[in-house]
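K.L.:
I have a structure I would like to understand better, so I am pasting it below and will then ask my questions one at a time.
The numbers here are math on the coordinates, done by the rules we state, and not lab data. This structure is a prediction, so every number in the text was calculated from the model and none was measured. Neighbour counts are summed over all protein chains in view; Cβ atoms, including those assigned to glycine, are modelled from backbone coordinates with ideal geometry.
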Amino acid sequence: MDFQTIVYDVNQGVATVTLNRPSAYNAFTEEMNQEITQALKQASRDDDVRCMVITGSGKAFCAGQDLQGVDENTNHATFLRERYHPMLKALKAMPKPVVAAVNGTAAGAGMSLALACDFRLVKPGVKFVSAFMNIGLIPDSGFIYQLPRLVGYAKAMEIAVLGKPITGTEAYELGLATEVFEAETWDESVSKFSEKLAGMPTKAISLVKRYMMDGMHLPYDELLEKEAQAQRLAGLSSDHQEGMQAFKEKRQPQFVGK
Amino acid sequence: MSKQFIETFVEDSVGFIQLNRPDVMNALNRKMVDEIVEQLEAYDRDDSISVIILKGNEKAFAAGADIEEMMDDSPLTLELADPFAVWDRMTLIKKPVIAAVNGLALGGGFELVLHSDLIVAGESAKFGFPEVKLGVMPGAGGTQLLSKAIGKRKALEFIWLGESMSADQALQLGAINRVVADELVMEETIRLANSLAEQAPISLRLIKEAVNVADEVPLMEGMKLERKNFYLAFDSQDQKEGMQAFTEKRPPSFKGV
């Protein structure tokens, strides 16, 4: 598929989506929202893809909504429903791990995008900025759903309202980022991390993804039932058989993602 | 009799009806509905069957009715063909009917689901009545059965807007019984069917009849029917066995007589 605002490529089981409007700090346009959604669906269907990385080209990760397209006539609800929600729903439905490789500033909805991914990798000096409050808006694109689940309510409230920028190092300390990689070895470190994920039992990862977040607001008994079903599915996977076999034979398992 | 649009098979005491027009997402045509109803009645008469499961395929239970078939209909051709009358026979089936829903159950497909006693759906199943978008409305019981299931206001909202509801929404509204992982819809439906198959069959049918009149008749009429059915259960050997087993603290073995 031909993309204008992103670059999509697949290598070693990893599909990388590079937000590619560097002159605008990779700010979202309607086209970019749509292209990310298409890329997510394409990667979901592609058996060769077992992990996705979202990153930015140039200095920034993503500066959020391109304010060029926003004026006093904008209906913000329509904006979200039509542009952002399909992208966020596709991200939630994606049955493979998605890594935000936060190479530079993630601001506004760009921060929301990073929060909606399954893992965040950061450079020490990058900044997460919830810029919304500065222009009298609320953090959107799933931000107020994801953030308290990731860092707890009190910290999420601070970040959402007081909006002090969070550096990569601070994000790691908050539990928001999985790893901090130095700028000099960034590309190799991101590849190594994502290729390792791509070699894991993808079906089992997708089942954790499917139920763990929802588990944070489900009654215990319901989650236990969902867990039983998820484990039944994992138990039926070839990767489970391979894992058991490799354990018996005292060798490294070769997972195929099914 | 050979079936053109459905497949049927039996596992243990469970009779399956699989809708089988995969190239059109199992859209229901008149012949298909006739076949479904005939098979439901055949299973209902078959002593070796205790529960019936209606299913589609992974993508769709049934994504509506065959539009081309009715496009050129007039009020009079509809009156003469009376295509919905055969649906009434579904309401007379005495054995438990479970719908197992993966994917879309729209229009006639949703009506077929709502004619079932219990409904199990996959997490990404969708239910809805899009008829309004074609300038018509549900015709095989949709307005009545959905209103009874979820109440007038929510029913109007869904049928007016033609918007589909997710499996979780349908569960919350009380329109369906269980939501399970998509991949496990059949396994979980069979587990439910097998639990039902272990119950006393006479009890199951007497209970179904009593529950079905609950929102049809005045309370005292319903109470009377319940009482008569309760008394009737005492004519069964299963009642003797059930109560005997209870006093002997052992699991009962029901025979359906």
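K.L.:
So what's the angle, to the nearest 10 degrees on a 0 to 90 scale, between helix B:237-247 and the longest Cα principal axis of chain B?
P.N.:
Here the helix axis deviates by roughly 60 degrees.
K.L.:
Still on this model: Got the relative contact order for region A:1-71 handy, in percent, Cα pairs under 8 Å and 6 or more residues apart?
P.N.:
40
K.L.:
With a sphere of radius 14 Å drawn around the Cβ of A:VAL256, what net charge do the other residues whose Cβ falls strictly inside it have (Lys, Arg +1; Asp, Glu -1)?
P.N.:
0
K.L.:
Let me have the 222 nm mean residue ellipticity of chain B computed from DSSP H runs of 4+ only, each contributing -39500 (n - 2.57), with the sum over all residues rounded to the nearest 500.
P.N.:
Using -39500 (n - 2.57) per qualifying helix, the result is -13000 deg cm²/dmol.
K.L.:
Right, another one. What is the sum of charges, Lys and Arg at +1 and Asp and Glu at -1, for the other residues whose Cβ falls under 12 Å from the Cβ of A:TYR8?
P.N.:
Residues near A:TYR8 contribute -3 overall.
K.L.:
Can you give the calculated 222 nm mean residue ellipticity of chain A, where each DSSP H run of n ≥ 4 adds -39,500 (n - 2.57) and the sum is split over every residue, rounded to the nearest 500 deg cm²/dmol?
P.N.:
Estimated from H runs of four or more residues: -13000 deg cm²/dmol.
K.L.:
Show which aspartates and glutamates lie in cross-link reach of A:LYS92 when reach means a straight Cα distance below 19 angstrom and same-chain residues fewer than eight apart are skipped.
P.N.:
The reachable aspartates and glutamates, counting only those whose Cα sits under 19 Å from A:LYS92, are A:GLU35, A:ASP46, A:ASP47, A:GLU82, A:ASP118, A:ASP140, A:ASP214, A:GLU227, B:GLU123, B:ASP168, B:ASP182, B:GLU183.
K.L.:
Something else about it: With r as the distance between the Cβ atoms of A:VAL161 and B:TYR231 and R0 = 51 Å, compute the FRET efficiency 1/(1 + (r/R0)^6) and round to 0.05.
P.N.:
Step by step, r from the Cβ atoms, then E = 0.15.
K.L.:
Once you list every other residue whose beta carbon is under 15 Å from the beta carbon of A:CYS62, what net charge do they have if Lys and Arg are +1 and Asp and Glu are -1? Don't skip to the answer; put the middle values down first.
P.N.:
Values: positive: A:ARG21, A:LYS59, A:ARG83, A:ARG120, A:LYS123, A:LYS127; negative: A:GLU30, A:GLU31, A:GLU35, A:ASP66, A:ASP140.
So the environment of A:CYS62 carries a net charge of +1.
K.L.:
Take the cross-link list A:LYS203/A:LYS226; A:LYS41/A:LYS203; A:LYS96/A:LYS192; A:LYS89/B:LYS133; A:LYS41/A:LYS89; A:LYS59/A:LYS123 and give me the ones stretching past 19 Å between alpha-carbons.
P.N.:
Details: A:LYS203/A:LYS226 15 Å; A:LYS41/A:LYS203 17 Å; A:LYS96/A:LYS192 17 Å; A:LYS89/B:LYS133 25 Å; A:LYS41/A:LYS89 10 Å; A:LYS59/A:LYS123 12 Å.
Long pairs (Cα-Cα over 19 Å): A:LYS89/B:LYS133.
K.L.:
Any chance you could check the Cα centroid distance between region A:11-41 and region B:187-238 for me, in angstrom?
P.N.:
One Cα centre to the other: 57 Å.
K.L.:
Ranking request for peptides A:163-176, B:51-64: highest mean number of other beta-carbon atoms within 10 Å first, then the rest in descending order. Before the final figure, lay out each step's value.
P.N.:
Numbers: A:163-176: 17.2, B:51-64: 22.9.
Packing proxy ranking, top to bottom: B:51-64, A:163-176.
K.L.:
Assign one of three labels to region A:202-248, namely rounded, prolate or oblate, based on the Cα gyration tensor with a ≥ b ≥ c the square roots of its eigenvalues; rounded applies when a/c is under 1.5, prolate when it is not and a/b is larger than b/c, and oblate otherwise.
P.N.:
Verdict is prolate for region A:202-248.
K.L.:
Additional query: Order by neighbour count: B:THR77, A:THR5, fewest other Cβ atoms within 10 Å first, most last.
P.N.:
B:THR77, A:THR5
K.L.:
Next question, about the same structure. Which of rounded, prolate, oblate describes chain B, given a ≥ b ≥ c as roots of the alpha-carbon gyration tensor eigenvalues and a/c under 1.5 marking rounded, otherwise prolate only if a/b is larger than b/c? Mind dumping the intermediate values first?
P.N.:
Values: a/c = 1.72, a/b = 1.59, b/c = 1.08.
Prolate is the answer for chain B, as a/c is 1.5 or above and a/b outweighs b/c.
K.L.:
On to the next question. Rounded, prolate or oblate: which one fits region B:147-257, using the alpha carbon gyration tensor with axes a ≥ b ≥ c (rounded when a/c is under 1.5, else prolate when a/b beats b/c, else oblate)? Display every interim value, and only then the final one.
P.N.:
Working: a/c = 3.87, a/b = 1.51, b/c = 2.57.
In terms of gyration-tensor shape, oblate.
K.L.:
Next question. What's the exposure ranking of B:SER2, A:SER141, going from fewest to most Cβ atoms within 10 Å?
P.N.:
Lowest to highest Cβ neighbour count: B:SER2, A:SER141.
K.L.:
Give me the percent relative contact order of chain A, please, defined on Cα pairs under 8 angstrom at least 6 residues apart.
P.N.:
Computed value for chain A: 17 percent relative contact order.
K.L.:
OK, next. So what J values fall out for region A:122-132 if you push phi through Karplus, 6.51 cos²θ - 1.76 cosθ + 1.60 with θ = phi - 60°, rounded to Hz, Gly and Pro as x?
P.N.:
Computed from phi, the couplings for region A:122-132 are 9, 8, x, x, 5, 10, 9, 10, 8, 7, 4 Hz.
K.L.:
Quick one: A:MET212, B:MET223, fewest Cβ neighbours within 10 Å first, how do they rank?
P.N.:
B:MET223, A:MET212
K.L.:
Same structure again: For region A:166-176, take each phi angle, set θ = phi - 60°, evaluate the Karplus expression 6.51 cos²θ - 1.76 cosθ + 1.60, and give the result in whole Hz per residue in order, putting x for glycine and proline.
P.N.:
10, 7, x, 4, 5, 4, 5, 5, 6, x, 7
K.L.:
Quick one: among A:GLU188, A:GLU222, A:GLU82, which has the greatest mean-square fluctuation in a GNM of chain A with alpha-carbon springs under 10 angstrom?
P.N.:
Comparing A:GLU188, A:GLU222, A:GLU82 in the GNM, the peak value goes to A:GLU222.
K.L.:
To one decimal place, what orientation-averaged projected area in nm² is obtained for the convex hull of the Cα set of the protein assembly as shown?
P.N.:
Projected area, direction-averaged: 32.2 nm².
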